[in-house]
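*Asks:* My questions all concern the structure below.
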Amino acid sequence: MPDRRIEDLQAFVVECIESFGGVVEFPEYGLAEALLPDAAAAAFGGRTFLQIAFDPEVAREHPDAELAVYGSEFVDRLIGLASGRGQTTVRHLYVDRLEVTRVAERLAEQFQFVHCAPSLEFGILRNFSYLLFHFKLIYLTDEREEAFYPVLVNLNTDRPVEESERFLHAAGFAPSRQAVCPEEPVCSVQAAYRTACAFLRQQADRAFRTKQEENRRRLDMDLRRIATYYDDLKEEAEGRIERSSDPERASALRHRIQLYEVERERRRKEIEDKYSLRMDVRLTSAELYVQPKVVNAVRVFHRDRECRVRFVWDPLLKAFEPPLCGRCGEELRTIAFDRDGQIACWGKGAKGQTRPQAGSIDSIGPSATRAGSPSTG
């Protein structure tokens, strides 16, 4: 079964060289041949052709090859080159079809409308933005373990995208913006970063607690082993004292018992330090994603009540984004009027209500008539 760490290292080396404008091929297993542009060749002694071995055995068979393993000089040099390049990227997402048809029917399929019905008024195209933060988690004991964790934040709602893998898997990229249209209001990068950190903290805490429990079990086993070892030494020395008739010999054994206790305490501290788990989190890079979406102004009505609700169609995921409750900020899956004539979470009364959040629900309140089109505000 192939080693995932070796595969990840190979992918990193190939991606780095290709990002420099180079070309990489694998003529045989564990050996790559790379052509470098002049700008990148300067970092490798001016050589534009490199052989790269990903295994020490392969390196011995090809003495001129650069050894690419974790901690090797070649990999460290490559990391240095990659670190010197830009760490932020703007990606323009491409979708094959921006239009959405059968809006009312699709909404009824995706959401539960209780004692009300949707009716499309109009749809407009706008550019939405996401910020993908790449974090590196470093777990430190007597060893060092690294893990990478991406967090995707919707800049228009300042909320983390929990299904980020699905989003990134579906994403295709265009050289420039696919549609020239207005920008949807966004939160600040600082606010998005705080949101990403809060989400990461929840995810990382779970992994940290799991590792901590594992270390605690190993620590308890080692402490019991050491306690048994020094208890046996002490018991043996005390037995010799009882059997000894030589006062000097007995004094030397009592001194030895004291040394055992000092050594026991030193070993205990060493082992506790060994299994003391610390975690360091670093932001390594960020990517800005720009994607066109369709903002639909939908009239939700029931008898003499109506509200306009914004439903954003995501043409990449082929689904509507749930609107946000104007009172608690949570996503709405059930669409219904509350007792105040607002579209909000069920059970939310007028007390403690807040203004609708920008970019979520544009509520126009109860209307005495449904004739004409209410203003969009």
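*Asks:* For the stretch 106-170, compute Rh as the Kirkwood radius over C-alpha pairs and then the Stokes-Einstein diffusion coefficient at 37 °C and 0.692 mPa s; write the answer in µm²/s, rounded to an integer. If you can, show how the numbers build up before the last one.
*Replies:* On the way: Rh = 15.9 Å.
The diffusion coefficient I find is 206 µm²/s.
*Asks:* Using only Cα atoms, figure out Rg for the stretch 179-284 and give it as a multiple of 2.2 N^0.38 Å.
*Replies:* Working: Rg = 27.5 Å, N = 106, 2.2 N^0.38 = 12.9 Å.
So the stretch 179-284 has a normalised radius of gyration of 2.13.
*Asks:* Using a 1.4 Å probe on the protein chains only, how many percent of the accessible area of the stretch 122-214 belongs to carbon and sulfur? Show your work: numbers first, answer last.
*Replies:* Numbers: 2780 of 5360 Å².
Looking at the stretch 122-214 in its full context, I get 52 percent from C and S.
*Asks:* Next question. Counting GluC sites (Glu not before Pro) as exposed when in a DSSP loop with at most 13 other beta carbons within 10 Å, what is the longest stretch of the chain free of them?
*Replies:* Result, exposed sites excluded: 164-329.
*Asks:* Relative contact order for the chain: what percent, with Cα pairs under 8 Å and sequence separation of 6 or more?
*Replies:* Computed over the chain, the figure is 19 percent.
*Asks:* A follow-up question, please. Once every DSSP H run of n ≥ 4 in the chain is given -39500 (n - 2.57) and the sum is divided by its residues, what mean residue ellipticity at 222 nm do you get, rounded to the nearest 500 deg cm²/dmol?
*Replies:* Result for the chain: -12000 deg cm²/dmol, rounded to the nearest 500.
*Asks:* Sticking with this one: What is the distance, in nm, between label points placed 7 Å from the Cα along the Cα-to-Cβ direction at Glu272 and at Cys181?
*Replies:* According to this spin-label approximation, the distance is 6.1 nm.
*Asks:* Hey, rough spin-label estimate for Asp220 and Glu61, points 7 angstrom out along Cα→Cβ, what's it come to in nanometres?
*Replies:* Here the answer is 4.9 nm between the modelled labels.
*Asks:* Could you give the angle, 0 to 90 degrees to the nearest 10, between helix 189-243's Cα long axis and the longest principal axis of the Cα atoms of the chain?
*Replies:* 20 degrees
*Asks:* Now, a different point. Please label the shape of the stretch 273-339 as rounded, prolate or oblate, based on the square roots a ≥ b ≥ c of the eigenvalues of the alpha-carbon gyration tensor (a/c under 1.5 means rounded; beyond that, a/b larger than b/c means prolate, else oblate).
*Replies:* It comes out oblate by the Cα gyration axes.
*Asks:* What do you get for the angle between helix 247-274 and the principal long axis of the chain? Use alpha-carbon atoms, 0 to 90 degrees, nearest ten.
*Replies:* Once rounded, the angle reads 20 degrees.
*Asks:* Please state the relative contact order of the stretch 230-339 as a whole percent: Cα pairs under 8 Å, 6+ residues apart?
*Replies:* 12 percent
*Asks:* Then there is this: Which option, (1) 257; (2) 185; (3) 134, is the value of volume of the Cα convex hull per residue in Å³ that was calculated from these coordinates?
*Replies:* (1)
*Asks:* Taking Cα atoms, how many degrees apart are the long axis of helix 4-19 and the longest axis of the chain, rounded to 10 and kept between 0 and 90?
*Replies:* 60 degrees
*Asks:* Collect residues whose amide H, placed 1.01 Å from N in the peptide plane, falls under 5 Å from the amide H of Glu66; neighbours closer than 5 in sequence don't count.
*Replies:* For Glu66, the qualifying residues are Gln51, Ile52, Ala53.
*Asks:* Here is a further query. Given a 1.4 Å probe, how much area per residue of the stretch 31-159 is accessible, in Å²?
*Replies:* Per-residue value: 53 Å².
The values are calculated or read from the model by the stated rules, or taken from the named source; none is laboratory data. Every value quoted in this text rests on a predicted model; they were computed, and no experiment measured them. Positions of Cβ are backbone-derived with ideal geometry, glycine not excepted, and every protein chain shown enters the neighbour counts. Ligands, DNA and RNA are excluded from the accessible area calculation, which covers all protein heavy atoms including side chains. Shrake-Rupley method; radii C 1.70, N 1.55, O 1.52, S 1.80 Å.
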